[in-house]
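Bear in mind that the values in this text are calculations on the coordinates, not laboratory data. None of the values given here were measured: they were computed from a predicted structure. Every residue, glycine among them, receives a Cβ derived from its backbone with ideal geometry; neighbour counts consider all protein chains shown.
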Ligand code: XMP
């Protein structure tokens, strides 16, 4: 475990070397929020924090970001993401398309704001998984290919998630951020099997809210809903063809391995009941028991 105070001191010193504007893509998660606070302390007004509203975030996320970071530049980009993801079914292709769109949009901001530096919230496991070819992370080696920065600074590159959380607590970030579950860069897109459509995003967003509300008190490493595909059901005496939702709830230390939580049956049953009654388009609910490996935490 790192020495938190020394880490904070060292990072601020490193960030103070920045002598021009620096771009930071904020997601509202713990990693980029920690970078925001460290960078704000180090370079103040030179920091250009940007949040891309991809249309693939959880409910209320954009409003939440605006409240937490009043100086953030919000880029509305839902249409751009939806059209770039049209017809894309393959998981790795989806990540690549998402990453490409994300990077192009950030590049536009970088050019407009004339920024020279890039601060990224990349943490140690992101490097390991990207370099090992396990999956593509848009925040690893993305923007540098298309925009010339004087320097890229990754203050969290040596930290694991639990260490980032310690730093977050030490710099006074609210619990809502320091203890927040990880959320994948491509957002709800990797929790929808096959092509991403607005209808599917709406369903999975509502389902995620319900699953989080019911499971968060069991302190999972991560819990969410995924949309698997369609299955038949009977609603109000009518046979319907609706969405199948998977509930995922895992325990983990660093996201590299994980175990499905042993949740009480009545909790799972209640979630099933809420999902099928509160979201009319859902006909079926399953619980994913698979550990990582052989599965991953996300579905894609
Ligand atoms: P997997 O699904 O590979 O995920 O077992 C491991 C952890 O990484 C998160 N994850 C991501 N985080 N950008 C991120 O910043 C991404 O593209 C991404 N994909 C997955 C996932 O939520 C889990 O905590």
Return the percentage of antiparallel bridges among DSSP beta bridges fully within the chain, rounded to the nearest 5 %.
45 percent
One can check that the equivalent ellipsoid of the stretch 206-300, built from the alpha-carbon gyration tensor with semi-axes equal to the square roots of five times its eigenvalues, has lengths in Å, largest first, of 25, 14, 10
If you rank 126, 53, 19 by fewest surrounding Cβ atoms within 10 Å, what's the result?
19, 53, 126
Counting only DSSP beta bridges with both residues in the stretch 184-300, tell me the antiparallel percent, nearest 5.
75 percent
Calculate how steeply helix 161-170 sits against the longest principal axis of the alpha-carbon atoms of the chain, using the helix alpha-carbon long axis, and give the answer as 0 to 90 degrees to the nearest 10.
60 degrees
For the chain, what does -39500 (n - 2.57) per DSSP helix run (n ≥ 4), summed and divided by total residues, give at 222 nm, in deg cm²/dmol to the nearest 500?
-12500 deg cm²/dmol
Remind me, relative contact order of the stretch 224-300 in percent, using alpha carbon pairs under 8 angstrom and six or more residues apart?
33 percent
So for 290, 208, fewest C-beta neighbours within 10 Å to most, what's the order?
290, 208
Suppose the Debye formula is applied to equal point scatterers at every Cα of the stretch 192-243; what is log10 I(q)/I(0) at q = 0.13, 0.23, 0.27 Å⁻¹?
-0.41, -0.91, -1.00
The orientation-averaged projected area of the Cα convex hull of the chain, in nm², is 15.5 nm²
Roughly speaking, what is the centre-to-centre gap between the stretch 70-113 and the stretch 26-59 when only Cα atoms are used, to the nearest Å?
16 Å
0 to 90° range, to nearest 10: angle between helix 91-113 axis and the chain longest Cα axis
40 degrees
The exposure ranking of 66, 209, fewest beta-carbon neighbours within 10 Å first, is 66, 209
Show me 22-30, 226-234 ranked by packing, highest mean number of other Cβ atoms within 10 Å first.
22-30, 226-234
Given the Cα atoms of the stretch 50-137, and with Rh set as the inverse mean 1/r over their pairs in the Kirkwood sense, what is Rg to Rh to two decimals?
0.98
Treating the angle as unsigned and between 0 and 90°, give the value, to the nearest 10°, between the Cα long axis of helix 30-43 and the longest Cα principal axis of the chain.
20 degrees
Expressed as a whole-number percentage, the relative contact order of the chain with C-alpha contacts under 8 angstrom and at least six residues apart is 17 percent
Under the definition of Cα pairs under 8 Å and six or more residues apart, what whole-number percent is the relative contact order of the stretch 1-76?
29 percent
Taking 22 Å as R0, compute the FRET efficiency from the Cβ-Cβ separation of residue 169 and residue 216 and round it to 0.05.
0.75
